[in-house]
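Read-outs: derived from the displayed coordinates by stated rules, not from any lab. Predicted model, so just to flag it, every value in this text is computed and none were measured. Here the Cβ positions follow ideal geometry from the backbone for every residue, glycine too, while neighbour counts run over all protein chains shown.
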Amino acid sequence: MSAIVTDAAGRVLLVRRSHAPEAGRWALPGGKVEPGETLADAVIREVVEETGLAVRPGREAGVVRRRAPGGGTYEIHCFIVDLLTGEPVAGSDAAGVLWVAPGELPTVQTVHGLVDALRAWGCV
């Protein structure tokens, strides 16, 4: 799952991936859902772990389907969240954090398909 975090200026929060796949590229904060965890709880936990921000999950914006290593597919459920408190700081799974204005997204080296997905879902 991943979280679409925006600030009062409409900028989108990205984290620089520190691990494969696509290490070094910018992505939405997110990760795997732990056993017994709801999607909403996973959104809250992952955003705190990667950015230190407190958020409240909102509606699901969309789903991305990817090929899994070794075959099969997996889904990434992307949620729009409300930013509650905090200043973003790169956490354990992130090499950096960056606020990006929607018009500048195409100039940032993001993970494959991110900008197109955000546009298709009406998030930018």
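Just name one of GLY24, GLY36, GLY71: the one whose Cα is farthest towards the positive end of the charge dipole of region 2-120 (beta-carbon charges, Lys/Arg +1, Asp/Glu -1).
GLY71
Given the Cα-Cα distance of ARG67 and SER18 and 0.36 nm per residue of separation, how much length would full extension add, in nm? Present the calculation step by step, with values, prior to reporting the outcome.
Numbers: separation 49, 0.36 × 49 = 17.64 nm, distance 2.00 nm.
Contour length minus the Cα-Cα distance gives 15.6 nm.
Among THR38, THR73, rank each residue by its count of other Cβ atoms within 10 Å, from fewest to most, as a rough exposure measure.
Working: THR38 11, THR73 8.
Ordered from fewest to most neighbouring Cβ atoms within 10 Å, THR38, THR73 come out as THR73, THR38.
Which one, TRP121, LEU53, ALA8, is farthest towards the positive end of the dipole of the chain when Lys and Arg carry +1 and Asp and Glu -1 on their Cβ?
Highest projection toward the positive end goes to TRP121.
Antiparallel DSSP bridges in region 2-120: what percent, to the nearest 5? Walk me through the numbers before you get to the answer.
On the way: 21 of 26 bridges.
Percentage antiparallel, nearest 5: 80.
In the Gaussian network model of the chain, springs joining C-alpha atoms below 10 Å, which of GLY91, GLY36, GLY24 carries the largest mean-square fluctuation?
Evaluated over the chain, the most mobile residue of the options is GLY36.
Give me the dipole magnitude in Debye, nearest 20, for the chain about the Cα centre, with unit charges on the beta carbon: positive for Lys and Arg, negative for Asp and Glu.
Values: 12 positive and 15 negative charges, 79 e Å.
Charge dipole, the chain, about its Cα centre: 380 debye, nearest 20.
With N residues in region 43-90, what two-decimal value do you get for its Cα radius of gyration over 2.2 N^0.38 Å? Let's see the in-between values first.
Numbers: Rg = 13.4 Å, N = 48, 2.2 N^0.38 = 9.6 Å.
Working it through for region 43-90, the quotient is 1.40.
For GLU34 paired with ALA54, estimate the spin-label separation in nm (one decimal), with each label point 7 Å from Cα along the Cα-to-Cβ line.
1.9
Seen from all sides and averaged, what is the projected area of the convex hull of the Cα atoms in the chain, in nm²? Mind dumping the intermediate values first?
Values: hull surface 29.1 nm².
Across all orientations, the chain yields a mean hull projection of 7.3 nm².
Contact order normalised by length for region 2-120, with contacts defined as Cα pairs under 8 Å and 6 or more residues apart; what percent is it? Walk me through the numbers before you get to the answer.
Details: 224 pairs, mean separation 38.9, N = 119.
Dividing the mean separation by the residue count of region 2-120 yields 33 percent.
In a GNM of the chain with a 10 Å cut-off on Cα contacts, which of VAL47, VAL81, VAL64 has the highest mean-square fluctuation?
Per the Cα network of the chain with a 10 Å cutoff, VAL64 tops the list.
So what's the net charge close to ARG16: Lys and Arg +1, Asp and Glu -1, counting the other residues with Cβ under 11 Å from its Cβ?
Numbers: positive: ARG17, ARG25; negative: GLU22, GLU50, ASP93.
Net charge around ARG16: -1.
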